[in-house]
Amino acid sequence: GEDGPGGRPKYHLTPPANWLNDPNGLIRWDGRYHVFYQYNPGGPFHNTIHWGHAVSDDLVTWRDEPVALSPSPDGPDRDGCWSGCAVDDDGTPTLLYTGGNGRDQLPCLATTDDPDLRSWEKYEGNPVIESPPADLDVLETEHWRAEFRDHNVWREDGRWHHLVGTGLVDGGGAALLYTGETLTEWTYEGPLLAGGPDAGAVWECPELLDLGDRRLLHVSDYENVVYFLGTVEDGEFVVDSEGVLDHGDFYAPQSLSDSNRGAEDETDTERSLTWGWLPEARDVDAQWDAGWSGALSLPRVIETAPDGDLRQRPADEATDLRTERLADGETVALAPDDQRRLDVSGAAIEIEIEIALDDAEAVEISVFETPDRAEHTPIRYARDGTLSIDRTPSSRDPRAFADAQSMAVPPYDEPLSLRVFLDRSVIEIYANGRHCLTSRVYPTRDDAVGVSARAEGGRAEIASLSAWELGEAMPTDGD
Ligand code: FRU
């Protein structure tokens, strides 16, 4: 059912119905967290995109808010209010988003004086950039005069900085840098980074984050969210290393920089919180039948580790979702090839698990498992240092996608430590506090709530198993 396995997520953010894609305009305002998102109020498909809105005091429970931006029939956003960001312009909350208008996609601005960020006024001089840079060979497609969209704006060295995603005819995906004294007058500086012919054709949703010692640039290339760690020198990104932010169903993330969290909070340091869109992994008919499509990831803290690698973990507030404790650091010995049901179950739970391979080839933890195993989703950790998800047995519904997903989880000579968030149709995995894999699965049976473990070809140990039942992101009266 909808509030059981395979259903609409319980503690991941979703609109009450219809279509959601990218998170947009993330901002902390007046002490509250605001999340906007690409939203079609007309149904669970991508069309006539508005900005939906949700608000939270604590990052755990959310309230659905009225639609914040709608296309203006005669405006430069008549065909859709596509992705963009929110900034604090000297006390005025301001959105810079992509207006779709026929074959054009160009940046538009909206402001508000409403502390609740509900009603927005569009700038009459929209669009604030008339066309992509004239001297640049920007990709033209069947639908678009030029791929030129998604806006990330920040303040640096006394000026506004602004990234736009694009694709270059000979250069692949690129993030273009503009600067300006105001948010309405922009000067093109050049590509901050271009991926080259081997990169994806277009980079969507570029975002530059300041991680203290280094900067992180991430872009969405239609398949993956690719990140680059490095520095910015004279308007160009110098890449030290690169990787993929999440190896599963995770796309077009956006972040908010969260500082001044209150004087009483001793851990008050600047942190960056990142949400991604978790697209569906089932066909459009199934989405139509469900009446909803898309969820947001948990907010993630992204930072660099002392060894220079990237670290990712859910915002500390995620522990406030925990209600009932289901397991408390137990150890479980796994005999070779013995399928063992664990004493943990649920469709909306968090599992913290430490796996020592001992002499086994692999350990498989199955989740969303029916008692007869007709449906189950194995998460397999193998000696070669890969973690993979096999979705073939996940669902009896042929409309659910069954492709496998995997990632490398070095170092694999240590016990592997996993935080696994199960949320009806979401599996969000954090491995060793570094590597993420998010997967969408659609078990059909209400008893697909079991968890089991098996060691392949040798003994292994679950060195520690903890689990919690998790609460509701949007509690309604009576829950
Ligand atoms: C990424 C994206 C953006 C665009 C938006 C439209 O998923 O395609 O490039 O602005 O979604 O909804």
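When Phe401, Phe228, Phe36 are arranged by Cβ crowding within 10 Å, least crowded first, meaning fewest neighbours, the order is Phe401, Phe228, Phe36. Kindly list the residues of region 377-406 that lie in the label zone of Glu361, defined by a backbone N under 12 Å from the point 7 Å along the Cα-to-C-beta vector. Label zone hits: 382-384.
Extension gain for Thr386-Arg103 works out to 97.5 nm (0.36 nm per residue, less the C-alpha to C-alpha distance). Packing here is the average count of other Cβ atoms within 10 Å per residue, and on that basis the peptides 45-57, 346-358, highest first, run 346-358, 45-57.
Only DSSP H runs of four or more residues enter the estimate; each adds -39500 (n - 2.57), and after division by the residues of the chain the mean residue ellipticity at 222 nm equals -500 deg cm²/dmol. Annotation: extensible slack from Asp328 through Asp74 equals 85.5 nm (criterion: 0.36 nm per residue apart, minus Cα-Cα distance). Rounded to the nearest 20 debye, the dipole size of region 115-195 about its Cα centre is 260 debye, using +1 on the Cβ of Lys and Arg and -1 on the Cβ of Asp and Glu. Assuming charge only on the beta carbon of Lys and Arg (+1) and of Asp and Glu (-1), the dipole of the chain about its Cα centre is about 1020 debye to the nearest 20.
Across the chain, the mean sequence separation of Cα contacts (distance under 8 Å, 6 or more residues apart), normalised by length, yields a relative contact order of 16 percent. Residue separation of Ala463 and Asp320 scaled by 0.36 nm, minus their Cα-Cα distance, works out to 49.0 nm of gained length. Give the shape of region 279-330 as rounded, prolate or oblate, defined through the alpha-carbon gyration tensor: a ≥ b ≥ c are the square roots of its eigenvalues, a/c under 1.5 means rounded, and otherwise the shape is prolate if a/b is larger than b/c and oblate if not. Verdict is oblate for region 279-330. Take 161-174, 89-102 and order them by the average number of nearby Cβ atoms within 10 Å per residue, most first; the result is 161-174, 89-102.
With the convex hull drawn over the C-alpha atoms of the chain, the volume per residue is 151 Å³.
Quick note: the coordinates plus some simple rules give every number you see, no bench work behind them. Here the structure is a predicted model, which is why all the values come from computation and not from measurement. So basically every Cβ, Gly included, is an ideal-geometry build from the backbone, and we count neighbours across all protein chains shown.
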